[in-house]
Amino acid sequence: QVQLVESGGGLVQAGGSLRLSCAASRTTFSIGAIAWYRQAPGKQRELVAGISSGGSTNYADSVKGRFTISRDNPKNTVYLQMNSLKPEDTAVYYCNLVQFTKDYWGQGTQVTVSS
């Protein structure tokens, strides 16, 4: 069973930075698209950023220019560098891997941005 484990969340002041990591196991990591989603209290889960197996990226409008997604296939890890954080970025961040027809999720990591 594929496992995804997120880390790097925490409490940061507005304007600060965090880097989230998502480590995958029991999978050929280079195959598949990976994305970061987030869910704030009382809101639906939303796509933050995604990266294809070929390295193409896409971002939510709300994070463009501030967040960067990257993947290190030999390390089976995807990263989300988050700069210029805002209080509205506060949420639980989830890693998602889509391989063939299967969809895998991590347990999430909390990011809290104080004003």
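Observations on the model:
- Residues located in the range 49-72, provided they are among the basic types (Lys, Arg) and either under 20 Å from residue 88 (Cβ atoms) or part of a loop (DSSP other than H, G, I, E, B) (or both): 64, 66
- The test for being more than 10 Å from the chain's Cα centre (by Cα) and at positive phi does not hold for residue 56.
- Among the residues making up the range 9-48, those that are basic (Lys, Arg) and either without any contact (Cβ under 8 Å) to a residue 60 or more places away in the chain or in contact with a Cys (Cβ under 9 Å, 6 or more places away or on another chain) (or both) are 26, 43, 45.
- Answer residue from the range 82-115, given it is part of a loop (DSSP other than H, G, I, E, B) and among the β-branched types (Val, Ile, Thr) and is least open to solvent (accessible area, probe 1.4 Å) among those: 90
- Filtered by the rule that a residue be open to solvent by less than 40 Å² (accessible area, probe 1.4 Å), of a type outside the set (A, V, I, L, M) and touching a helix residue (DSSP H, G or I) at 6+ places or on another chain (Cβ under 9 Å), the range 60-81 gives 66, 67.
- Within the range 86-109, the residues that satisfy the criterion of being over 19 Å from residue 15 (Cβ atoms), of a type outside the set (A, V, I, L, M, F, W, C) and in contact with a Ser or Thr (Cβ under 9 Å, 6 or more places away or on another chain) are 94, 99, 104, 109.
- Residue selected from the range 4-39 under the condition outside any strand (DSSP E or B) and open to solvent by 50 Å² or more (accessible area, probe 1.4 Å), by the criterion nearest to residue 89 (Cα to Cα): 14
- On the stretch given as the range 64-96, residues that are among the β-branched types (Val, Ile, Thr) and more than 20 Å from residue 43 (Cα to Cα) total 4.
- Failed item, numbered, when residue 42 is tested on (1) open to solvent by less than 60 Å² (accessible area, probe 1.4 Å); (2) part of a loop (DSSP other than H, G, I, E, B); (3) of a type in the set (Gly, Ala, Ser): (1)
The values are calculated or read from the model by the stated rules, or taken from the named source; none is laboratory data. Just so it is clear, the model here is predicted, and its values are computed rather than measured. Neighbour counts run over all protein chains shown; Cβ positions are idealised from the backbone, glycine included. Only protein heavy atoms, including side chains, enter the accessible area calculation; ligands, DNA and RNA are left aside. Shrake-Rupley method; radii C 1.70, N 1.55, O 1.52, S 1.80 Å.
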